[in-house]
Amino acid sequence: MFLTSLLDRRAINASVSVNSKRQALQVVADIAARQLGLDAADIHQALTERERLGSTGVGTGVAVPHAALTGLDRMYGVFIRLEEPIDYEAIDDMPVDLIFALLAPENAGTEHLRALAKVSRVLRQKDLREQLRSIENSDAVYAVLTGIADSNAA
């Protein structure tokens, strides 16, 4: 699976200013709603409900929030880079500044798990995280994420 199948250039914002996890998830929901024609409040609620089960902050400044949604016909990704890291209750207690959200159809099953594993593998690469933190625009973020992912695709 390639990240190009999950991520659209218009679903990236490389310069987001928020003060909380709730605000970050709202930005993700707003981006996804514009791209998918779904209600931002429904997306935000689904992401928030998943966070109540346990933080999706996976460590090293990265979070991978995810949720299943009615009305999707495929997996969909949203990537945001925060201008300033926020407390995200991550497993390593470090603040988060890179967020790759995954939205899945309600019946995605193992496809959802494979996508989560792929995104996590990609974002575990220290060099990639450093690149994502240093580049300034969404097109460059897209190129880095899809270039790295595609060259390492399973």
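The values are calculated or read from the model by the stated rules, or taken from the named source; none is laboratory data. Bear in mind that the values here come from a model prediction, so they are computed numbers and not experimental data. Counting neighbours? That spans all protein chains shown, and the Cβs are built from the backbone with ideal geometry, glycine included. The protein model used for the area step is the full one, side chains on, heavy atoms only, and it has no ligands, DNA or RNA in it. Shrake-Rupley method; radii C 1.70, N 1.55, O 1.52, S 1.80 Å.
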Q | About the Cα centre, charge dipole magnitude for region 60-104 (Lys/Arg +1, Asp/Glu -1 at Cβ), debye | A | 360 debye
**Q.** Distance (nanometres) between label positions extended 7 Å along Cα→Cβ at L113 and L53
**A.** 1.2 nm
Q. How high is the FRET efficiency from S120 to A33, r the C-beta distance, R0 35 Å, rounded to 0.05?
A. 0.90
Q | Two-site label geometry, D8 and D93: point separation in nm, points 7 Å out along Cα→Cβ | A | 4.1 nm
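Suppose every Lys and Arg Cβ carries +1 and every Asp and Glu Cβ carries -1, with no other charges. What dipole size does the chain come out with about its Cα centre, to the nearest 20 debye?
With only Lys, Arg, Asp and Glu charged at Cβ, the dipole is about 320 debye.
In square angstrom, what is the accessible area per residue of region 9-154 with a 1.4 angstrom probe? Write down the numbers at each step before the final one.
On the way: 7130 Å² over 146 residues.
Using a 1.4 Å probe on heavy atoms only, each residue of region 9-154 averages 49 Å².
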Q. What percentage of the solvent-accessible surface of the chain, computed with a 1.4 Å probe over protein heavy atoms, is contributed by carbon and sulfur atoms?
A. 47 percent
